[in-house]
Amino acid sequence: MSKVKTLGQFIIEKQNDFPYAKGELSRLLRDIGIAAKIVHREVNKAGLADILGEVGETNVQGESVKKLDVFANEQFIAALSVGGECCGIASEENEDIIPIDTPQSRNAKYVVAMDPLDGSSNIDVNVSVGTIFSIYRRVSLTGPATHEDFQQRGTEQVAAGYIIYGSSTMLVYTTGKGVNGFTLDPSIGEFCLSHPNMKTPSNGKSYSINEGNYVHFPDGVKKYIKYCQEEDKATKRPYSSRYIGSAVADIHRNLITGGIYIYPTTASSPKGKLRLLYECSPLAFIIEQAGGKATDGFQRILEIEPKTLHQRTPFFAGSSEMVDTACDYMKRYSAAQV
Ligand code: P6P
């Protein structure tokens with residue numbers, strides 16, 4: 001056990017990186033870790049418990065909601081509400097913000113935006129799914145959270161992370177001082193530091209995109225895909241196509257091995273499919289902290305000013321050299337969306 005550093009120990013140790021920290025952020029990250037362990041338990045027995053299948057409702061995105069989405073949403077909301085360090089939540093599963101108006105929480109310093117269970121269409125086929133979270137310092141002074149507390153640029157994030165429920169369950173997060181990954185050891189119920197100071201390779205050999213949408217891709221994306229498929233030994237092309245349909249899983253693999261994930265505009269998603277606030281901004285924060293890049297094809301994701309809670313954006317993210325090349329094609333062949 002002496003070699004093992006738990007998430008809790010790590011958070012406390014790193015708290016000293018923030019001279020004025022009084023422990024609120026540490027406790028908030030602890031609360032997220034608690035909910036993640038509960039969701040892990042349910043995801044890992046989803047095939048057994050009567051928690052599979054559709055609830056028969058649809059979320060604000062018009063997507064069918066599966067029971068695990070609802071369960072995960074409830075668990076993170078409960079953990080954050082009880083923890084007392086968060087005065088409001090924005091969730092993919094909820095149309096409006098969820099102010100936490102209890103005596104302990106209404107004046108808390110932080111708000112959390114989250115996708116409680118991304119990639120949920122993979123639940124019934126036993127493919128990895130994930131949770132994505134983003135933490136901002138509130139801009140309103142006191143009382144329950146307001147929309148302005150959430151509609152901040154990604155550069156204002158205090159922390160961001162994801163949990164991937166895969167062959168093992170990992171929590172990966174950043175507070176702006178590098179990226180660290182923790183693997184859950186179910187035998188002791190602790191996330192243990194397994195991937196310290198994660199850095200993503202500046203180049204990679206795989207590209208992740210749903211080529212089924214090819215005919216509707218911007219010309220710059222079409223040209224980049226053809227670039228990925230050309231024979232060129234010097235740049236180790238053709239690249240491999242790797243697309244799971246679960247952004248957390250694709251991004252996590254690319255973060256470790258190098259690669260690029262692209263969800264551009266398509267006919268059914270003219271603004272892109274992924275949401276800025278609780279998917280692209282937190283993933284972009286992590287990727288940039290690991291040495292990679294994340295843009296909408298033209299500008300840094302973290303610089304985009306959110307206008308609405310569930311705003312979507314095109315997303316080009318991963319190894320810096322691959323993102324640069326893809327964005328060069330976008331600049332040469334596709335006009336920026338105004
Ligand atoms: P498509 C899951 O719904 C998600 O938001 C991402 O996790 C995933 O990468 C993408 O959508 C899959 O979308 O259109 O390729 O099925």
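Listing for the model above:
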item: Given 177/236; 177/293; 177/331; 271/331; 222/331; 37/205, the pairs whose alpha carbons are separated by over 22 Å; result: 177/236; 177/331; 37/205
item: Antiparallel %, DSSP beta bridges [both residues in the range 206-333], to 5; result: 70 percent
item: Expected-Rg normalisation [2.2 N^0.38 Å, Cα atoms] applied to the range 231-338; result: 1.04
item: Bridge type composition, the chain - antiparallel percent by DSSP, nearest 5; result: 85 percent
item: Size of electric dipole in the range 7-195: Cβ of Lys, Arg +1 and of Asp, Glu -1, about Cα centre, debye, nearest 20; result: 780 debye
item: Length added when fully stretched, residue 269-residue 95, from 0.36 nm per residue minus Cα-Cα; result: 60.8 nm
item: Most positive-pole-ward Cα, 266, 283, 251, against dipole of the range 131-290 from beta carbon charges; result: 266
item: The chain, dipole about Cα centre (Lys/Arg Cβ +1, Asp/Glu Cβ -1), debye to the nearest 20; result: 1000 debye
item: Sparsely packed trypsin sites (Lys or Arg not before Pro) within the range 175-259, loop by DSSP, other Cβ within 10 Å at most 12; result: 177, 236
item: Nearby lysines by direct alpha-carbon distance to residue 22 (threshold 17 angstrom, same-chain neighbours under 8 apart not counted); result: 14, 109
item: Gain on full stretching of the segment that runs from residue 257 to residue 226 - 0.36 nm per residue minus C-alpha separation; result: 9.0 nm
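Readers should treat all values here as calculations from the given coordinates under stated rules, not as data from a laboratory. Keep in mind the model is a prediction, meaning the values are calculated, not measured. In this analysis, Cβ positions are derived from the backbone assuming ideal geometry, glycine residues included, and neighbour counts consider all displayed protein chains.
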